[in-house]
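Colleague: Okay, handing you the structure first.
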Amino acid sequence: MTATSSIHGMWSTRLAFILAASGSAVGLGNIWRFPYTAGEYGGGAFVLVYILCVVLIGVPIMMAEIMLGRRGRRSPINTMRALASAEGRAPAWQLLGWMGIVAGFLILSFYSVIAGWTMGYIFRAASGLFTEIDATGAGEMFSGLIGDAERLLAWHTIFMVMVVLVVARGVAGGLEKAVRILMPALFVLLVVMVGYGMQAGDFDTAVAYLFEPDFAEFQGKAGEAILSAMGQAFFSLSLGMGAIMIYGSYLKRDSSIAQNTMIIAGLDTLVALLAGLAIFPIVFAHGLAPDSGPGLIFQTLPIAFGDMPGGSFFGALFFVLLLFAAWTSAISLLEPLVAWLVENLSFSRVRASVLGGLTVWLLGIACLLSLNAWSEVKIFGKGFLDLFDFLTANILLPLGGVLIAIFAGWMLSRASSSDELQMDDGPAYRLWRLLIRYVAPIAVGIVLLNAVGVLGWIGLG
C-alpha cells in the first residue's frame with residue numbers, strides 16, 4: 001500500500017531528512033534538561049545508562065515511527081487509520097495519531113513560553129545584566145521575567161510567528177530550508193561554547209564528571225536514576241508526538257530507515273554530551289552545583305557568565321543556541337496538525353499554519369499567565385503550564401511510545417515491516433523485532449507506570 005510520495009512534499013535529499021529529524025529531536029531537552037538531569041544523578045553513571053537506553057529503546061521506536069510514517073504517507077491520524085485498515089486491524093488505532101497531535105499541540109503551547117524566556121535572556125546577557133550578578137540577583141532576574149505577563153506574551157508571540165512563518169512555506173520551501181541553516185548553525189555555536197568552556201572553565205573536571213562513571217552516586221537512588229535515564233532517552237528523541245512520523249512520511253523510498261535512525265540518534269546524543277561539555281566546565285570553574293535542577297540554565301549559568309571574560313558575548317551566544325534548538329523542535333510540533341488540516345479540511349497550507357499557530361498561541365497565553373496573574377488557578381493542583389507538561393511528558397508521550405511499539409511489532413505484519421525497513425529476515429531485522437516487541441514497550445511502560453505513581457504504590461518506585 002506504500003505511496004511513492006506525500007501530497008505535502010518530500011525531502012529533497014537524505015541529508016535534509018536527517019537534519020530535519022535531528023532538529024526535531026534536538027531541543028531544550030538536550031541542552032536544558034539533559035545537563036541538569038545528569039547533574040542530579042552523578043554524571044558519568046547516568047550518561048552511560050542514558051546511552052544504553054537510547055540504543056535499546058529509543059532507536060527501535062524511532063525506526064518504527066519513521067517506518068509507519070513512510071508507509072502511510074499522511075498525517076499521523078490518517079496514517080494510522082490507513083495502516084490499521086490495510087492490516088485488518090481495528091480503526092481505533094487512529095487514536096494513536098490523535099494522541100500524538102494533541103501531545104505536540106500541548107507541548108508547543110508551553111514550549112513557546114519557555115523559548116520566550118530564552119529570547120529574553122539573549123538580550124539580558126548581551127546588555128551586560130549578568131555582570132557580577134550573584135545568586136540572589138539571578139533568582140530575582142528570573143522571577144522578574146516570569147512574573148511579567150506582558151513581556152512573556154511579547155516573546156511568546158514573536159516565537160510563534162517565527163514557527164508559523166517556517167511551517168507555512170511547506171516542506172521544501174520552509175522546513176527544509178530552515179533546518180539546512182539552523183542545524184549547522186546550532187552545531188557551530190555548540191562547538192564554540194565547548195571551546196569557550198575549555199579555555200575559561202574547568203574542562204578536565206567536566207570531562208571526568210561526564211565520562212568516568214561512578215556508580216557510588218547511584219546508591220539509594222539507582223531505580224530512580226535508571227527510570228530517569230529511560231525517560232530522558234525516549235523524550236530527547238522527540239518520540240510519540242507525531243513529529244517523527246510526519247517527517248518519515250516525507251522520506252523517499254530508497255533511503256534506509258535503519259541507517260538514518262542511527263545517525264539521528266547519534267547526533268541527538270552528541271548534542272546532549274556537547275551541551276554538558278559546554279555547561280559543566282563553567283559550572284565547576286565557579287564552584288557552582290551541577291545538580292541545580294531546572295534552574296541550572298536560567299539561574300546558575302548567568303552567575304558564571306557574569307564573572308567570566310567575555311561573559312556577556314558568550315552568554316548571549318549560549319541563549320541564541322538554545323533558541324535555535326527550540327525553533328527546530330517547534331516547527332516539527334506544529335507540522336502534524338497542519339498536515340491534518342490540509343488533508344481533512346482542504347485548507348491551504350498557509351491557512352492551516354496560521355490557524356494551528358493561532359490556536360497554540362491562545363493556549364500558550366494560559367500557560368504564561370499561570371506563572372503570574374493566574375498563579376492561583378489550579379487544575380488537579382497544577383497551573384496550566386505544569387499540567388500540560390505533566391500530561392504530555394508523563395502520560396501521552398510514553399503511552400504513545402508503547403502503542404507505536406505494539407502496533408509496529410504486533411499489529412503490522414512481518415512482511416510489511418520487513419518491506420518498509422528494507423531488511424531481509426536476517427539478524428538485524430530479528431534484533432529490531434525483538435526490541436520493538438518486548439524490550440521497548442516493557443521499558444517505556446515501566447516509565448509510564450512510574451510517572452503516574454503506580455510503581456510507588458506497589459513499592460518499586
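The values are calculated or read from the model by the stated rules, or taken from the named source; none is laboratory data. Predicted model, so just to flag it, every value in this text is computed and none were measured. Because the Cβ atoms are built from the backbone with ideal geometry, glycine has one as well, and the counts that use them run over all protein chains shown. Note: accessible area is taken over every heavy atom of the protein model, side chains too, but ligands, DNA and RNA are not part of it. Shrake-Rupley method; radii C 1.70, N 1.55, O 1.52, S 1.80 Å.
Colleague: What are the residues in region 1-27 that are open to solvent by 10 Å² or more (accessible area, probe 1.4 Å) and of a type outside the set (G, A, S), if any?
Modeller: Residues satisfying the conditions are M1, T2, T4, I7, H8, M10, T13, R14, L15, I18, L19.
Colleague: Could you look through region 376-394, keep only residues that are among the hydrophobic types (A, V, I, L, M, F, W, C) and open to solvent by 40 Å² or more (accessible area, probe 1.4 Å), and pick out the one that is farthest from L363 (Cα to Cα)?
Modeller: Residues of region 376-394 that are among the hydrophobic types (A, V, I, L, M, F, W, C), as a first pass: 377, 379-380, 384-385, 387-388, 390-391, 393.
Narrowing the set further to residues that are open to solvent by 40 Å² or more (accessible area, probe 1.4 Å) leaves 377, 379-380, 384, 390-391.
Working: V377: 15, I379: 15, F380: 18, F384: 9, F390: 16, L391: 15 Å.
For region 376-394, the residue satisfying everything is F380.
Colleague: Tally up the residues in region 36-57 that are part of a helix (DSSP H, G or I) and either touching a Phe, Trp or Tyr at 6+ places or on another chain (Cβ under 6 Å) or among the hydrophobic types (A, V, I, L, M, F, W, C) (or both), please. Steps first, please.
Modeller: In the first step, residues of region 36-57 are kept if they are part of a helix (DSSP H, G or I); the result is 36-40, 44-57.
From what is left, the residues that are either touching a Phe, Trp or Tyr at 6+ places or on another chain (Cβ under 6 Å) or among the hydrophobic types (A, V, I, L, M, F, W, C) (or both) are 38, 44-49, 51-57.
Of the residues in that region, 14 qualify.
Colleague: Being open to solvent by less than 60 Å² (accessible area, probe 1.4 Å) and either within 11 Å of V167 (Cβ to Cβ) or among the small types (G, A, S) (or both) is the filter here; which residues of region 343-359 pass it?
Modeller: Passing the criteria: R349, A352, S353, G356, G357.
Colleague: Look at G39 and say whether it is under 17 Å from the mean Cα position of the chain (by Cα), small (G, A, S) and either surrounded by 24 or more Cβ atoms within 10 Å (Cβ to Cβ) or at pLDDT below 95 (or both). Write out each step before concluding.
Modeller: On the way: under 17 Å from the mean Cα position of the chain (by Cα): no; small (G, A, S): yes; either surrounded by 24 or more Cβ atoms within 10 Å (Cβ to Cβ) or at pLDDT below 95 (or both): yes.
Here the answer is no, as G39 does not meet what is asked.
Colleague: A further question on this structure: In region 231-267, what residues are modelled with pLDDT of 95 or more, open to solvent by less than 10 Å² (accessible area, probe 1.4 Å) and not small (G, A, S)?
Modeller: Matches in region 231-267: I244, M245, I246, Y247, Y250, L251, I257, N260, T261, I264.
Colleague: Do any helices (runs of 4 or more DSSP H) entirely within region 122-200 hold 1 or more residues that are of a type in the set (S, T, Y) and under 19 Å from A330 (Cβ atoms), and if so, which?
Modeller: On the way: elements: 135-146, 149-168, 177-200.
So the answer is 149-168.
Colleague: Go through F313, F318 for me and flag whichever is in contact with a helix residue (DSSP H, G or I) (Cβ under 9 Å, 6 or more places away or on another chain), modelled with pLDDT of 90 or more and open to solvent by 20 Å² or more (accessible area, probe 1.4 Å).
Modeller: Working: F318 fails: open to solvent by 20 Å² or more (accessible area, probe 1.4 Å).
Residue meeting the stated conditions: F313.
Colleague: Name the single residue, out of those in region 414-456 being farther than 21 Å from I244 by Cα, among the small types (G, A, S) and in contact (Cβ under 8 Å) with a residue 60 or more places away in the chain, that is most open to solvent (accessible area, probe 1.4 Å).
Modeller: Top of the filtered list is A428.
Colleague: Within region 72-81, how many residues turn out to be open to solvent by 20 Å² or more (accessible area, probe 1.4 Å) and part of a helix (DSSP H, G or I)?
Modeller: Restricting attention to region 72-81, the residues satisfying the condition of being open to solvent by 20 Å² or more (accessible area, probe 1.4 Å) are 74, 81.
Those left that are additionally part of a helix (DSSP H, G or I): 81.
The total comes to 1.
Colleague: Does region 234-247 contain at least one residue that is over 19 Å from the mean Cα position of the chain (by Cα) and touching a residue at least 24 places away in the same chain (Cβ under 8 Å)?
Modeller: Within region 234-247, the first condition is being over 19 Å from the mean Cα position of the chain (by Cα), and the residues that meet it are none.
The answer is no; no qualifying residue exists.
Colleague: Let me ask something additional. Within region 270-283, identify whether any single residue is open to solvent by 10 Å² or more (accessible area, probe 1.4 Å) and in contact with a Ser or Thr (Cβ under 8 Å, 6 or more places away or on another chain), and answer yes or no. First the steps, then the outcome.
Modeller: From region 270-283, those open to solvent by 10 Å² or more (accessible area, probe 1.4 Å) are 270, 273-274, 277; that's our starting set.
Keeping just the survivors that are in contact with a Ser or Thr (Cβ under 8 Å, 6 or more places away or on another chain) gives none.
No, region 270-283 contains no residue that is open to solvent by 10 Å² or more (accessible area, probe 1.4 Å) and in contact with a Ser or Thr (Cβ under 8 Å, 6 or more places away or on another chain).
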